[in-house]
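The values are calculated or read from the model by the stated rules, or taken from the named source; none is laboratory data. Remember, it's a predicted structure, so these values are computed and weren't measured experimentally. Heads up, the Cβs are rebuilt from the backbone with ideal geometry, glycines too, and the neighbour counts pull from every protein chain shown. Accessible surface is based on the protein model in full, side chains and every heavy atom, while ligands, DNA and RNA are left aside. Shrake-Rupley method; radii C 1.70, N 1.55, O 1.52, S 1.80 Å.
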Amino acid sequence: MLTQALSVATKLGIADLLADGPLTPEEIARRVDASPDGVFRLLRALASRGVFAARPDGRFELTPLAEPLRSDAPVSMRSVALLWGSPEGWEHWGHLLDSVQTGEPAVPAIRGMDFFAFLASKPAFAAEFNTAMTTFSNLVREPVVAAYDFSPFPTIVDVGAGHGAMLAAILQRTPTARGVLFDQPSVTAGAADVLRAHGVESRCTIESGSFFDRVPSGGDAYLMKNIIHDWPEVEALAILRNIREVIRPGGRLLLIELVLPEGNSAYMGNLFDLEMLLDLGSRERTEREFRQLLAQAGFELTRVVQTASPVCVVESKPN
């Protein structure tokens, strides 16, 4: 219920309207073409959870919890609220029972295709999804480069790098390093502009291909951000073994991932783990599970570096 309320308020742009100051439900309703009574009831429900606040004069205003719903917030969660409240996402979660009973992703059964093919067939949903993923990347990029020292590595290969924002941030922080950006051709087409905007294009090469076929050779560090959690174990091992074949002796494999705590703490990754099951048949992992997976691929987990964001840097070396 709360997810839908947040999504509706976001879709109507209420946080953006309140950025200039408090408004009555009637004023908001007029601007967003909605029912004044409906807007009031929506805001009242959200204000009871600290999202928006009711003033004595009947107007509503932003709160710290509402600020990230603004489209122009320094760290905007608008796209995330829209994604999790979308009809497509809502329908997927309605089939959680199927995935729990079968241990398989529900999306292929619902859509007749895997999750990534479904994204390709639904441009509007794909745009919401991609924007939300960019939001998550923006949240973790600076904490990762602040928490982990990349300076020992002359050549850093980012596997599944997207447009290269993470690699660019690392190279900015590590002026002695060179980078290799690797992803599918449809993705790397937009990478040069990102590298240029960060001033690191002269220290980075771009290669295209599938990490199931090969990865660039000769790296001192191989980086993958939120890649391994997207794939069931067989595929995850195939990617890791391709890296194991080409990594230099003494090199490091760096997985930027959520690391689930042992036990039953209220950690957001436990819910993301269900999302992985529903959509992809994959999983989030504990440190012990990462250690086991990496060992099967020929790596030894050396440490887990916590960052100021929810993700960790899982470091391993070839054994």
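Observations, loosely collected:
- Subset tally (residues that are farther than 21 Å from L240 by Cβ and either assigned to a helix (DSSP H, G or I) or at pLDDT 95 or above (or both)) for segment 153-175: 9
Condition check ((1) under 20 Å from G85 (Cα atoms); (2) outside any loop (DSSP other than H, G, I, E, B)) across all residues:
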| position | (1), (2) |
| --- | --- |
| A5 | yes, yes |
| A19 | no, yes |
| R31 | no, yes |
| G58 | no, no |
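- Per this entry, L237 is counted among residues that are out of contact with any strand residue (DSSP E or B) (no Cβ under 9 Å at 6 or more places or on another chain), in contact (Cβ under 8 Å) with a residue 24 or more places away in the chain and of a type in the set (A, V, I, L, M).
- Condition met for L97 (open to solvent by 60 Å² or more (accessible area, probe 1.4 Å) and either closer than 14 Å to F125 by Cα or in a loop (DSSP other than H, G, I, E, B) (or both)): no
- Answer residue from segment 115-132, given it is free of Cβ contacts under 8 Å to residues at least 40 places away in the same chain and in contact with a Leu (Cβ under 9 Å, 6 or more places away or on another chain) and is surrounded by the most Cβ atoms within 10 Å (Cβ to Cβ) among those: F125
- Segment 225-262, residues that are of a type in the set (G, A, S) and under 20 Å from the mean Cα position of the chain (by Cα): A236
- Hits in segment 294-319 (condition: without any contact (Cβ under 8 Å) to a residue 40 or more places away in the chain and either among the acidic types (D, E) or within 16 Å of L237 (Cα to Cα) (or both)): A295, E300, L301, N319
- Near pairs, Cβ below 6 angstrom, 6+ apart or cross-chain, from segment 85-111 (charged (D, E, K, R)) to any residue that is surrounded by 18 or more Cβ atoms within 10 Å (Cβ to Cβ) and part of a helix (DSSP H, G or I): R111/F118
- If the condition is being loosely packed, with under 15 Cβ neighbours inside 10 Å, over 15 Å from the mean Cα position of the chain (by Cα) and of a type in the set (A, V, I, L, M, F, W, C), then segment 263-278 contributes only A266.
- Test: residue in segment 32-45 that is surrounded by 17 or more Cβ atoms within 10 Å (Cβ to Cβ) and closer than 22 Å to G89 by Cβ: yes
- Residue among V51, V39, V80 that is part of a helix (DSSP H, G or I) and modelled with pLDDT of 95 or more: V39
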